[in-house]
Amino acid sequence: MSAASCFVSEEQFLCSICLDVFTDPVSTPCGHNFCKNCITQHWDVNVQCQCPMCKKIFDRRPELQVNTFISEMAAQFRKSAQMKATDSVRVFTALMQSVERGQAELIETIQEKQKTTEKQAEGFIKELEQEISELLKRTAEVEQLSRTEDHLHLLQSFPSLNTPPHTKDWTEVSVHRSSYEGTVRRAVAQLEETLRKEMEKLRDVELKRVQQYAVDVTLDPDTAHPSLILSDDGKQVKDGDVKKNLPENPERFSLCTNVLGKQSFSSGRFYYEVQVKGKTKWDLGVARGSINRKGQITLSPEDGYWTVCLRNGNEYEAVAGPRVVLSLKSKPQKVGVFVDYEEGLVSFYDVDAAALIYSFTGCTFTEKLYPYFGPCINDGGKNSAPLIISPVNHTD
């Protein structure tokens, strides 16, 4: 029996009649559970009182007993699902509020700049109208004098008419179009900052959620490569450089310095954490039971391995067929591994940063999965630190 079978799956909280989370769950004499209203209505429309699951027929309608355990578990599950949905709504609400604030600030800035520009343009127009008025007045005077026959008056007026009126050089005047790039950039930067903060909160919630599926994992010495040194409690492993004389068996890795966990999982969800502090090279993940353990092996989903690795002290990769180079903001000191068997999901977390490292999605699991550990070679002492299976710190 695998350790995963000890976990209650979400399907066990669903009534097989309404296919929804149990409401007032009751148990039939044959041991199956249904919503009280669902089973009552089912029997009301049928001639016989028959269990919808096992088809057992009862001579008379049985007295239904409230299943308090299922009721409490269903309530907790419903609350957890609601909290998870509320977290998502909260993130999007915060983002929408940030967008709305940025939009309001942008509109206000545009309106203020528009008023300033309009006021400037109105001033130019008024000044130009005054100059036009003076020019029209001068033109009228010139036309009047041109029709006079008083030559003496014309000569006396000529000096003042010969002096041009004062006008501005309008070729140097322009109304600049307002620019809003800076305002938009600030609004987007604020939106990014809000998104970053909300994503940090969401990551914390996500890590706490998967930590609920923590299992006790120990190393299986029968699978360990002969050069590996395992601690007595089965929680630590490192390369000892010296190949020990150990019994050869089908489960043992013969060439690569790897070891599997004792526990196997063929359903449900499970999670465990491994300290990788001080190491320059390691492999972590899960492997199916039928993997090749002799000679050179290839780490890939096609070959039954779903792993993330470290090379050269700072190069992180997800071995997903073609290797995926991972750009991490911080160097993980402890890595969390989470598997959802039915969902086909394998995720890796930087525990201290509460950050997702990588996820394999859309996987198809058809056999037992085992925790996989590769401490890699000692490398002259540079990689002598052990991989340590650590207890999961369940925080509120």
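Figures for the structure shown
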read-out	value
Enclosed volume per residue, in Å³, of the convex hull spanned by Cα atoms of the range 272-396	116
Lysines with Cα under 17 Å of Lys277, excluding same-chain neighbours fewer than 8 positions away	Lys235, Lys238, Lys329, Lys331, Lys334, Lys382
Whole-Å distance, taken between Cα centres, linking the range 210-235 and the range 328-345	17
Per-pair calculated FRET efficiency, R0 = 35 Å: Lys329 and Leu255 via Cβ, rounded to 0.05	0.50
Relative contact order (%) - the range 299-341, alpha-carbon pairs under 8 angstrom, separation at least six	27
Carbon/sulfur fraction of accessible area - the range 210-314, other protein chains in place, 1.4 Å, %	46
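The values are calculated or read from the model by the stated rules, or taken from the named source; none is laboratory data. What you see is a predicted model, and the numbers here were worked out from it, not measured in a lab. Here the Cβ is made from the backbone with ideal geometry for all residues, glycine too, and neighbour counts use every protein chain on show. Remember, those area values only see protein heavy atoms, side chains included, never the ligands or the DNA or RNA. Shrake-Rupley method; radii C 1.70, N 1.55, O 1.52, S 1.80 Å.
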